[in-house]
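A quick write-up on the structure given underneath.
The values are calculated or read from the model by the stated rules, or taken from the named source; none is laboratory data. It should be emphasised that the depicted structure is a prediction, and the values quoted were computed from it without experimental measurement. Heads up, the Cβs are rebuilt from the backbone with ideal geometry, glycines too, and the neighbour counts pull from every protein chain shown.
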Amino acid sequence: MISYAESMKKLLGILVLGLLLSGCTTARQEISKGGVDPGISKNQLKSQLGATTLSEDPFLSGCYRQYYPNLRLEVLSSRSRSVYFIFEKVYEPSVGCSRSLVGDGRLAKITYSRHDVETYIDAKKPKTTTKKTTTKKTTTKKTTEKKVAASSGSAFFVSNKGHIITNHHVVEACNNNSKAYYNGNEIDLKLIAQDAFLDLALLKAEVSNNNFITISNSPPKKLQRIIAAGYPFGKYLSDDMKFTSGIVSSLKGVKDDSTRLQIDAALNPGNSGGPIVDEEDGKLVAVAVAGLRKDMTEAVNFGIKASSVKNFLQSNQLNTSTFSKKYNREGIAKLLETSVLYTFCN
């Protein structure tokens, strides 16, 4: 016979499980419920999707966003790219996928593929016009528009031959047109390889760089002291690189993902793709990739383990064992200042 205490414990477990499952709807399921209709603001969309999963929220780190200033249009999507939200009358676009800096605009259309987004944007572009000159001959002048992608993040050198690591989601919308600032100059980056599952990308710059981050051969440990470096919110705050510090909190990511680890050091949009290094020797422990919602959690952020980064590089014919440097504690700040880059695309 089941006791009263056991019955209440079982009932509580069922209620908790129900609450967890109720918060795991996808963006498509939320849309099917109604409420996500054309004409709503970004803040209203944020509230409507407040109960959805991490990967489906278009206002979280790792989201896709693209702004067309000449058209005053902005496209937002979740990391899974299952739904695209097109906003019109956008005079203040979102900043770094931040929930607190969503900007303005009104939802004009919901689509489920990049092709439909491009079709909608193309239809909004000005038509080709013909302009007559004052001479007897007539000439035609086509009005052209440059597509502006608002993707940016952090990246870092992993060799002395210009090889650079960042997140796949940082460069995904750049169409192999990524750039970075190095020694005060804007440089071009060539996309060498990418892995959407791991969320890693390998790029190369035609520069001579003496400093780079060595990938650790030691597995991470709980309570290991770490430093994260990058450009949170891009240049919205300043063009100076920022540091945060903390510990390794867990050796697994969301849903027991063993390719990731959890840290308590602060990460914000713009930190994506930046290095997380050991506080003592400056060797790579992980690559900053994501964090849970700041309005529901505190200091729950994630990085891609160095072992996964090494496997990714070796799979793309880059042997990192040939690139190795030792740094003491005093030299780590200088190492990060000269190895970490702000990356973006126009």
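Of the residues making up region 298-341, those that are surrounded by 19 or more Cβ atoms within 10 Å (Cβ to Cβ), more than 22 Å from ILE263 (Cα to Cα) and not polar (S, T, N, Q) number 3.
For region 237-291, which positions are outside any loop (DSSP other than H, G, I, E, B) and acidic (Asp, Glu)? Explain how you work it out, then say what you get.
Filtering region 237-291 for residues outside any loop (DSSP other than H, G, I, E, B) gives 242-250, 254-256, 260-263, 275-278, 284-291.
ASP256, ASP278, listed by residue number.
Quick one: in region 54-81, of everything that is part of a loop (DSSP other than H, G, I, E, B) and modelled with pLDDT of 75 or more, which residue is farthest from MET296 (Cα to Cα)? Within region 54-81, the match that is farthest from MET296 (Cα to Cα) is LEU71. Inspect all residues belonging to region 173-180 and state whether any of them is part of a loop (DSSP other than H, G, I, E, B), surrounded by 15 or more Cβ atoms within 10 Å (Cβ to Cβ) and of a type in the set (D, E, K, R). No, because not a single residue in region 173-180 is part of a loop (DSSP other than H, G, I, E, B), surrounded by 15 or more Cβ atoms within 10 Å (Cβ to Cβ) and of a type in the set (D, E, K, R). Of all the residues in region 195-220, those that are within 21 Å of the chain's Cα centre (by Cα), more than 18 Å from SER272 (Cβ to Cβ) and surrounded by fewer than 20 Cβ atoms within 10 Å (Cβ to Cβ) number 1.
When you scan region 172-185, do you find a residue that is in the same structural domain as SER308 (by TED's automatic domain parsing), of a type in the set (Lys, Arg) and under 17 Å from ASN346 (Cα atoms), even just one? Yes, that holds for at least one residue.
Of the residues ASP281, ASP295, ASP256, the single one that is touching a residue at least 12 places away in the same chain (Cβ under 8 Å), over 18 Å from the mean Cα position of the chain (by Cα), surrounded by fewer than 24 Cβ atoms within 10 Å (Cβ to Cβ) and more than 22 Å from ARG329 (Cβ to Cβ) is ASP295. Being among the acidic types (Asp, Glu), touching a Lys or Arg at 6+ places or on another chain (Cβ under 8 Å) and at pLDDT 95 or above holds for only one residue in ASP264, ASP278, and it is ASP278.
In region 82-90 there is no residue that is modelled with pLDDT under 85 and at positive phi.
State yes or no: is SER321 part of a helix (DSSP H, G or I), of a type in the set (S, T, N, Q) and over 24 Å from TYR182 (Cα atoms)? If you could, list the steps in order and put the result at the bottom.
Working: part of a helix (DSSP H, G or I): yes; of a type in the set (S, T, N, Q): yes; over 24 Å from TYR182 (Cα atoms): yes.
When the stated conditions are applied, SER321 passes them.
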